[in-house]
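Working notes for the structure below.
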Amino acid sequence: MIEGRPFAANGKLCVVATPLGNAGDLSPRAKAVLGAADVILAEDTRSARRLLAESGIASGPGPGPQVLSCFDANEADRSAEAVAWIREGRIVALVSEAGTPLVSDPGYRVVAAVAAAGLKVEPIPGPSALLAALVASGLSPDRFTFLGFPPRKSGPRRRLFESVRGHPFTLVLYESPMRAAETLADLAEVLGPTRRACLARELTKIHEEVVRDTLAGLATRYEEGRPLGEVTLVVEGAPDGVEGLGTDGPADDATVAAAARARLDAGVSARDVASELAARFGRPRREVYAIVTEVVDARASEA
């Protein structure tokens, strides 16, 4: 237990996890470390000062830690400053706006610089949206891969998803609520519409919501109304036998049409058949959808 400043002579960097939204999730150890710090490097100084005030910790100037910004634009300078402060015997705490620092947030360069200088880095574990969503998803937590924030543009985003199409482990990623529907649509098309998935938003907050469905179901749900708040997506790993995009290799129109008839006979919707076969044969979805539509129209005319 840290009381007062008994280790002030031993400089170090403390990487402190802070609440996602519920202030009650700040651990006693994290609170004590923040109160004992000389400097707090914060992704957002306003949220950091608010957290300190809610925890009864005064912040500088004057008594209490000095709160300074640390984000992409100034992280290189802050890294050098942190090394200098720690060598002087100061305690530097690193916090992100919410959750665990470095995980899709600033701070990596600070930690790397302090570690490279042979100085102490002490993790203060706590809240993480990644783990909170994973354990609430109902999907396997045994092995998982974190993809962070996917690219903003559909082309690079789809290429990322194609690279993990055959990956057997559960996938976890963050996304902006503004792009959640587009990302879900790309996931459904590339990984397959029937993959189980979960969208978790506003974790630990008043409006927390965890929605479980297939990728196609989630894509449809949020196409009609975007989710509000921070979003974490959890996606089932690839089933046995799925090795990657276009696992069956290139296929001509007749082969695609035969596969489409089989899937339609199994009760799969034309839209989902097109997404599934586009991924299976490595062909553009619009081409496959046109073939599926021809199959559906031919059946209708025969009826």
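Bear in mind that the values in this text are calculations on the coordinates, not laboratory data. Since we're looking at a predicted model, the values are computed, not measured. Every residue, glycine among them, receives a Cβ derived from its backbone with ideal geometry; neighbour counts consider all protein chains shown.
Here is how the numbers come out for the structure above:
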{"item": "Angle between the chain longest axis and helix 253-265 axis [Cα atoms, degrees, rounded to 10]", "result": "80"}
{"item": "Derived scalar couplings ³J(HN,Hα) [the range 152-163; Karplus, 6.51 cos²θ - 1.76 cosθ + 1.60; whole Hz; x for Gly, Pro]", "result": "6, 8, 4, x, x, 5, 5, 5, 4, 5, 4, 5"}
{"item": "Charge dipole magnitude, Cβ of K and R +1, D and E -1 - the range 54-179, Cα centre, debye nearest 20", "result": "580"}
{"item": "5 angstrom amide H check on Thr170, placed H, neighbours 5+ away", "result": "Arg143, Thr145, Gly237"}
{"item": "Quotient of C-alpha Rg and 2.2 N^0.38 Å, computed over the range 253-302", "result": "0.99"}
{"item": "Assigned charges on the beta-carbon of Lys, Arg, Asp, Glu; the range 171-303 dipole about Cα centre (debye)", "result": "180"}
{"item": "Rel. contact order, % - alpha carbon contacts under 8 angstrom, at least six apart, the chain", "result": "16"}
{"item": "Top of Ala185, Ala278, Ala254 by mean-square fluctuation, Gaussian network on the chain, Cα under 10 Å", "result": "Ala254"}
{"item": "Other-chain or far-sequence residues with amide H under 5 Å of Gly148's (modelled H)", "result": "Tyr174"}
{"item": "Karplus (6.51, -1.76, 1.60) ³J(HN,Hα), θ = phi - 60°, over the range 286-300, in Hz, Gly and Pro reported as x", "result": "4, 5, 5, 4, 4, 5, 4, 4, 4, 5, 4, 5, 5, 5, 5"}
{"item": "Computed FRET value (nearest 0.05) for Arg226 with Arg299, which takes r as the C-beta separation and R₀ as 41 Å", "result": "0.70"}
{"item": "In sequence order, calculated HN-Hα J values of the range 50-57 (Karplus, 6.51, -1.76, 1.60; Hz; x Gly/Pro)", "result": "5, 5, 4, 4, 5, 8, x, 10"}
{"item": "Ranking of Val33, Val211, Val16 by count of other Cβ atoms within 10 Å, fewest first", "result": "Val211, Val33, Val16"}
{"item": "Top of Ala188, Ala117, Ala133 by mean-square fluctuation, Gaussian network on the chain, Cα under 10 Å", "result": "Ala117"}
{"item": "DSSP-assigned coil residues among GluC sites (Glu not before Pro) in the range 166-237, each with at most 12 further Cβ atoms within 10 Å", "result": "Glu224"}
{"item": "Spatially near lysine pairs across the chain, Cα under 24 Å, sequence gap of 8 or more or different chains", "result": "4"}
